[in-house]
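Student: To start, I am sharing the structure in question, which I have written as structure tokens.
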Amino acid sequence: KIRITDEYETIYKRTIEEKGAILLLKENKLEEERLNYQLKGCICYLLKIIEKNKLKVSACEKKIKSYLDLGLPPHEDDEQYDVSGIIDMTLCNENNELIIFDFKWSSNHKSYHALIKENRSIQLELYRKMLSKADNKNVKTVAYFLMPDGILYSTTKLENGFSIKPENENDITEQLQNSIRYRI
């Protein structure tokens, strides 16, 4: 929270200069101002969610590799892994249970709501399995944080978010394995 207060504008400006210089053009000034306003609002709302739920951020952009026996060829960097990814944010609650937040910039709330409700989020499920395996403990909650609207959809109740109970407990990695085997 202190870093946002003290460093947000500096980091934002540096990032725009490095990654989004087109926003510095005169004709894009309003778009850049809107982005800045929306992004800062989302970050502040995310901080509120973290505080209200007494969560602790354990990592941002956590690189993770795992062997999940999906039937995929080995990962090109290392033959003992078949899946690698970058988890946007990992957190812990008061009971030291793991939580995963995946950030999406989208106004299509229905699709992310449906992915959780229908238990079809392959990305969150792979992250959940990989992190559980790496940290040797279960992930309690997976969630999408949708920007620019600042909406949190999670698999368990979190203050200032929307809890969605999946309709089924199917192991979608098993479905993924079968799909990959069928295609190979």
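The values are calculated or read from the model by the stated rules, or taken from the named source; none is laboratory data. All of these numbers come straight from a predicted model, not from anything done at the bench. Don't worry about glycine lacking a Cβ; one is built from the backbone with ideal geometry, like all the others, and counts go over all protein chains shown. Side chains included, ligands, DNA and RNA excluded: accessible areas come from the protein's heavy atoms. Shrake-Rupley method; radii C 1.70, N 1.55, O 1.52, S 1.80 Å.
Student: Taking the Cα-to-Cβ direction at T15 and at S106 and moving 7 Å from each Cα, how far apart do the two end points lie in nm?
Tutor: In this crude label model, T15 to S106 measures out at 2.0 nm.
Student: Using the Karplus equation 6.51 cos²θ - 1.76 cosθ + 1.60 (θ = phi - 60°), what ³J(HN,Hα) coupling, rounded to whole Hz, does each residue of region 117-130 give in order, writing x for Gly and Pro?
Tutor: Result, ordered by residue: 4, 8, 6, 10, 7, 4, 4, 5, 5, 5, 4, 4, 5, 5 Hz.
Student: Using a Förster distance of 25 angstrom, determine the FRET efficiency expected from the C-beta separation of I4 and E159, and round it to 0.05.
Tutor: Values: r = 19 Å, r/R0 = 0.78.
FRET efficiency, I4 to E159: 0.80.
Student: Using a 10 angstrom cutoff on alpha carbons, build the Gaussian network for the chain and name the most mobile of Y153, Y45, Y144.
Tutor: Result for the chain, Cα springs under 10 Å: Y45 fluctuates most.
Student: How many nm separate the modelled label positions at K56 and N178, each set 7 Å beyond the Cα in the direction of the Cβ?
Tutor: 4.1 nm
Student: Further question: What pairs from K29/K157; K19/K40; K40/K137 go past 27 Å between their alpha carbons? Intermediate results must be reported in sequence, preceding the final value.
Tutor: Values: K29/K157 39 Å; K19/K40 17 Å; K40/K137 33 Å.
In this structure, K29/K157; K40/K137 lie more than 27 Å apart at Cα.
Student: Taking the Cβ of N138 as the centre, find all other residues whose Cβ is under 11 Å away and add up their charges (Lys, Arg: +1; Asp, Glu: -1).
Tutor: Working: positive: R128, K129, K133, K137, K140; negative: E97, D135.
Net charge around N138: +3.
Student: Keeping the other protein chains in place, figure out the carbon and sulfur percent of the accessible area of region 137-184, with a 1.4 Å probe. Don't skip to the end; give the middle numbers.
Tutor: Values: 1330 of 2870 Å².
Of all accessible area on region 137-184, carbon and sulfur atoms account for 46 percent.
Student: Amide H to amide H, which residues 5 or more places from D102 or on other chains are under 5 Å from it, using H placed in the peptide plane?
Tutor: Under 5 Å from the amide H of D102 lie the amide H atoms of A143, Y144, F145, each far enough along the sequence or on another chain.
Student: Kirkwood-based Rg over Rh for region 90-184 (C-alpha set), two decimals?
Tutor: Numbers: Rg = 13.8 Å, Rh = 14.0 Å.
Across region 90-184, the Cα-based Rg/Rh ratio is 0.98.
Student: Whole-Hz Karplus ³J(HN,Hα) for region 4-13, in order, using 6.51 cos²θ - 1.76 cosθ + 1.60 and θ = phi - 60°, x for Gly and Pro?
Tutor: Computed from phi, the couplings for region 4-13 are 4, 4, 7, 10, 3, 4, 5, 5, 4, 4 Hz.
Student: Moving on. Could you give the accessible area per residue of the chain, probe 1.4 Å, as a whole number in Å²? Mind showing how you got there, number by number?
Tutor: Numbers: 11820 Å² over 184 residues.
In whole numbers, the chain has 64 Å² accessible per residue.
Student: Another question about this same structure. Using θ = phi - 60° and the Karplus form 6.51 cos²θ - 1.76 cosθ + 1.60, what ³J(HN,Hα) does each residue of region 51-59 get, whole Hz, x for Gly and Pro?
Tutor: Along region 51-59, the couplings run 5, 4, 9, 6, 8, 10, 6, 9, 6 Hz.
Student: Here's something else I'd like to know. Averaging over every viewing direction, what projected area does the convex hull of the Cα atoms of region 1-40 cover, in nm²? Intermediate results must be reported in sequence, preceding the final value.
Tutor: On the way: hull surface 10.9 nm².
For the Cα atoms of region 1-40, the hull's average projected area reads 2.7 nm².
Student: Another question about this same structure. Looking at [x] 17.3, 55; [y] 18.3, 53; [z] 20.3, 59, which value of Rg and Dmax of the Cα atoms in Å comes from a calculation on the structure shown?
Tutor: Matching entry in [x] 17.3, 55; [y] 18.3, 53; [z] 20.3, 59: [y].
Student: Can you give the accessible area of E18 in Å² (nearest 10), computed on protein heavy atoms with a 1.4 Å probe?
Tutor: Answer for E18: close to 130 Å² accessible.
Student: Report the residues of region 7-29 in range of a label on K40: point 7 Å along Cα→C-beta, backbone N strictly under 20 Å from it.
Tutor: Counting backbone N atoms under 20 Å from the label point, the list is 7-26, 28-29.
Student: GNM, the chain, Cα, under 10 Å: largest mean-square fluctuation among I49, I11, I151?
Tutor: Of the options given, I11 has the highest mean-square fluctuation.
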